[in-house]
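> Structure below; questions to follow.
The values are calculated or read from the model by the stated rules, or taken from the named source; none is laboratory data. Computed from a prediction, not measured in an experiment: that's the story for all the values here. We place every Cβ from the backbone using ideal geometry, glycine too, and count neighbours over all the protein chains shown.
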Amino acid sequence: MDEAGAVGSMGSCEGRVVIVTGAGRGLGRAHALAFAAEGAKVVVNDLGVSRDGDGPAGGPAHEVVAEIRSMGGEAVANGSDVADWGEAEAMVAQAIDAFGRLDTLVCNAGFLRDRMLANMSEEEWDSVTRVHLKGHFAPARHAIAYWRDLAKAGVEVDGRVVMTSSGAGLMGSIGQGNYAAAKAGIALLVVQAAAEWGRYGVLVNGVAPDARTRMTEGVFYGAEAPDGWDDKDPANVSPLMVWLGSADCDVTGRVFEATGGSLNVCDGWQHGPVVSVAGRRFEVAEVGEAVHRSIRDAPDPAPVFGSGG
């Protein structure tokens, strides 16, 4: 299903029930439409806030639901605050009540309150880390409770969780310390949840998208798409999200970057070259040389976005 198309039959997510958070605009909207195109029944979650988290309104979620229904798909709107424990639980319950089950959770909701760390307020830190990091954990925690109960009852589970990190979370981004820290936490949450939840039949992966959205316009990209192929169209990221959320997905615990027609897996923290002294602890005077030797033999880290490195 594209902007003017119709839902086909027997797609890769035929019959699956999918929650997409932050699905009223941008990447989330593109993901919701793409899942519907592949036959999924979609819970379209969006609180309807502005780019910086102000002014909740339910309109965007209902507009995406109307788009999906007009193309022959099934969808319901949800206005939960994904970082509110009770509302996240109710969102999972709505999917089960509306469609009889839940198969895939796509965590995408978030907003920005950018500022250099030296000037950042407590509220700017708390609000951004809350919506991104807790807003991923809370829905996932209630989804896994549902899937775990099914698994313990002997029901075969084929659950999928797809979380949204960011290049900022993988590499850092000047002026976005709150956002970068939250997105870094999400990348590790992917690894942690995958390690814990595989026993219940649930695979967990993450995507760090590079696309033109309300959050990147004016920060990294202009508001207008260039002529011809638009490699920053949010819809370019959605095929990866759909595959990771489908029964075809057979990987877990990995984070992928995606932009345009490209994707790549990202390698997280690894143990670097070890420098040792035999049978004793380091002397303080020896540490500097050992540190520099380990760094010298390790790959150079990717530069922080905006640092000029």
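> Checking K183 against (1) in contact with a Leu (Cβ under 9 Å, 6 or more places away or on another chain); (2) surrounded by fewer than 20 Cβ atoms within 10 Å (Cβ to Cβ); (3) among the basic types (K, R), which single condition isn't satisfied?
(2)
> List every residue pair whose Cβ atoms lie under 9 Å apart, where the two residues are 6 or more positions apart in sequence or sit on different chains, the first residue falls within region 61-74 and is touching a residue at least 24 places away in the same chain (Cβ under 8 Å) and farther than 14 Å from A23 by Cβ, and the second residue, located anywhere, is buried (at least 18 other Cβ atoms within 10 Å of the Cβ) and of a type in the set (G, A, S).
So the pair list comes out as M71/A36; M71/A37; G72/A36; E74/A36; E74/A40.
> Among the residues of region 200-217, are any more than 17 Å from the chain's Cα centre (by Cα) and modelled with pLDDT of 95 or more?
Within region 200-217 (the criterion being more than 17 Å from the chain's Cα centre (by Cα) and modelled with pLDDT of 95 or more), the answer is yes, since at least one residue qualifies.
Condition check ((1) surrounded by fewer than 15 Cβ atoms within 10 Å (Cβ to Cβ); (2) over 24 Å from G201 (Cβ atoms)) across all residues:
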| position | (1), (2) |
| --- | --- |
| E63 | no, yes |
| N78 | no, yes |
| G86 | yes, yes |
| C107 | no, no |
| S121 | yes, yes |
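> Kindly provide the set of residues from region 71-94 that are assigned to a loop (DSSP other than H, G, I, E, B) and on the phi < 0 side of the Ramachandran plot, ordered by number.
Initially, region 71-94 is screened for residues assigned to a loop (DSSP other than H, G, I, E, B), giving 71-74, 79-84.
Result: M71, G73, E74, G79, S80, D81, V82, A83, D84.
> If you don't mind, another one. Could you list, in sequence order, the residues of region 232-275 that are assigned to a loop (DSSP other than H, G, I, E, B), farther than 21 Å from D300 by Cα and among the polar types (S, T, N, Q)?
Hits for region 232-275 are S246, T252.
Every residue, every condition in (1) closer than 17 Å to F35 by Cβ; (2) more than 22 Å from the chain's Cα centre (by Cα); (3) not assigned by TED's automatic domain parsing to the domain that holds F35, yes or no:
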| site | (1), (2), (3) |
| --- | --- |
| D231 | no, no, no |
| A235 | yes, no, no |
| P239 | yes, no, no |
| V242 | yes, no, no |
| A247 | yes, no, no |
| T252 | no, no, no |
| V255 | no, no, no |
| G279 | no, yes, yes |
| E283 | no, yes, yes |
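> If you go through region 286-307 one residue at a time, do you hit one that is loosely packed, with under 11 Cβ neighbours inside 10 Å, assigned to a loop (DSSP other than H, G, I, E, B), in contact (Cβ under 8 Å) with a residue 40 or more places away in the chain and among the hydroxyl-bearing types (S, T, Y)?
Checked region 286-307: at least one residue is loosely packed, with under 11 Cβ neighbours inside 10 Å, assigned to a loop (DSSP other than H, G, I, E, B), in contact (Cβ under 8 Å) with a residue 40 or more places away in the chain and among the hydroxyl-bearing types (S, T, Y).
> I've got another one for you. Do you know which of the residues in region 90-109 that are touching a Gly at 6+ places or on another chain (Cβ under 6 Å) and not β-branched (V, I, T) is nearest to A235 (Cα to Cα)?
N108
> I'm trying to understand the selection: among the residues of region 8-22, which are modelled with pLDDT under 95 and buried (at least 19 other Cβ atoms within 10 Å of the Cβ)?
G11
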